[in-house]
1. For chain A, what does -39500 (n - 2.57) per DSSP helix run (n ≥ 4), summed and divided by total residues, give at 222 nm, in deg cm²/dmol to the nearest 500?
2. Using only Cα atoms, find the angle between the long axis of helix A:2-25 and the longest principal axis of chain A, and express it within 0 to 90 degrees, rounded to the nearest 10.
3. How many Cβ atoms of partner chains, on average, are near each residue of B:137-144 if near means within 10 Å of its Cβ?
4. Just to confirm the number: angle between the C-alpha axis of helix A:64-77 and the first principal axis of chain A, 0 to 90 degrees, nearest 10?
5. For the stretch B:20-137, with equal point scatterers placed on the C-alpha atoms only and solvent neglected, what are the log10 I(q)/I(0) values from the Debye formula at q = 0.12 1/Å, to two decimals?
6. Within 10 Å of each Cβ of A:94-107, how many other protein chain Cβ atoms are there on average?
7. Using square roots of five times the C-alpha gyration tensor eigenvalues, list the equivalent-ellipsoid semi-axes of the stretch A:1-84 in whole Å, biggest first.
8. Let a ≥ b ≥ c be the square roots of the eigenvalues of the Cα gyration tensor of the stretch A:53-127; is it rounded (a/c under 1.5), or, if not, prolate (a/b larger than b/c) or oblate?
Amino acid sequence: MLVRAIALVALLVVATLAYLWWNRRQGVVRQVEIPGALTPADLGAARGARATLVQFSTPMCAKCPPTKALLVRIAAEYPGVVHTDIDAEQRLDLARRLDIMRTPTTLLLDADGVVVARMNGAPNESQVRSALDALPPGPDYSI
Amino acid sequence: MSTSNDVQIDPRGYRVGALITFVLAAVALVCGSSVAGIVLTAVLVALFIPGATVGPQATLQSFLFRHLIRPRIGAPATTESFRPPRFAQQMGLVMAVVALVGAIAGSSVVFYIFMALLTAASFLNGVFGLCLGCELYLLFKRTTTRAA
């Protein structure tokens, strides 16, 4: 019984370390280069004139609805940036093509639809803003 | 499944429920595949059934939360869909059933593996709010659904 109790403590230590590792990676903005653009047909939605936040969700994802609310709110502050939410379970083709492993995963597309950054897991507000602020400036005219 | 109506639940409730599951699973793990361990595993299976079929709002743990804890801490700041935790309860039920069958069939290896999985998953859910099954859900779908 002592051996099993020690094994239990070891199990919980390993689980805690795994959680801390997972949590540190959550939402981190990674600049990526994926050749080829995602068309509006690929997305099933229109792209933004400057950038598009493409969020992958599933119905079994507890953090997806709050992430969607965050991304929609921030996208509204940036002219030409739109948010679109894709049910990865319905679009496994796209999930495989873009190597989506967990939800939410958010891709940032530039004006041409090319993936320039990705955030695996739920990002916080400053992570989303830093991803958008790293974009090239929009067209130098305003309405 | 997606056609049924959504139910919004108090996320603190299922975390309390996961902590109760964790305590029972940890004790069962320490007891080993003995009579006490088997009885505790059977109790876990029974506790998982309402959560895995109806949803986490139907479990004994959530009943205890609603009547003993919720009145003292007030309404939640946010609510969540019942679907992710119901999926977690289904995963928990599968692990508990396999552990129980393993123990009864005399395979203590099967019992220890699945009880350790159950203990770790309920620990992460209860203590950190991480739903392991939900994290792996898309990966599971990707590997089990053939490309069109």
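Computed from the coordinates by the stated procedures, all read-outs in this text should not be read as laboratory data. This structure is a prediction, so every number in the text was calculated from the model and none was measured. For neighbour counting, all protein chains shown are included, and Cβ atoms are generated from backbone atoms with ideal geometry for every residue, glycine included.
1. Counting only the DSSP helices, I get -12000 deg cm²/dmol.
2. Long axis of A:2-25 versus the principal axis of chain A: about 10 degrees.
3. What the average comes to for B:137-144 is 5.
4. 30
5. The calculated log intensity ratios at q = 0.12 Å⁻¹ are -0.43.
6. For peptide A:94-107, the averaged partner shielding equals 2.
7. Each semi-axis is √(5λ); the values are 40, 14, 13 Å.
8. Oblate.
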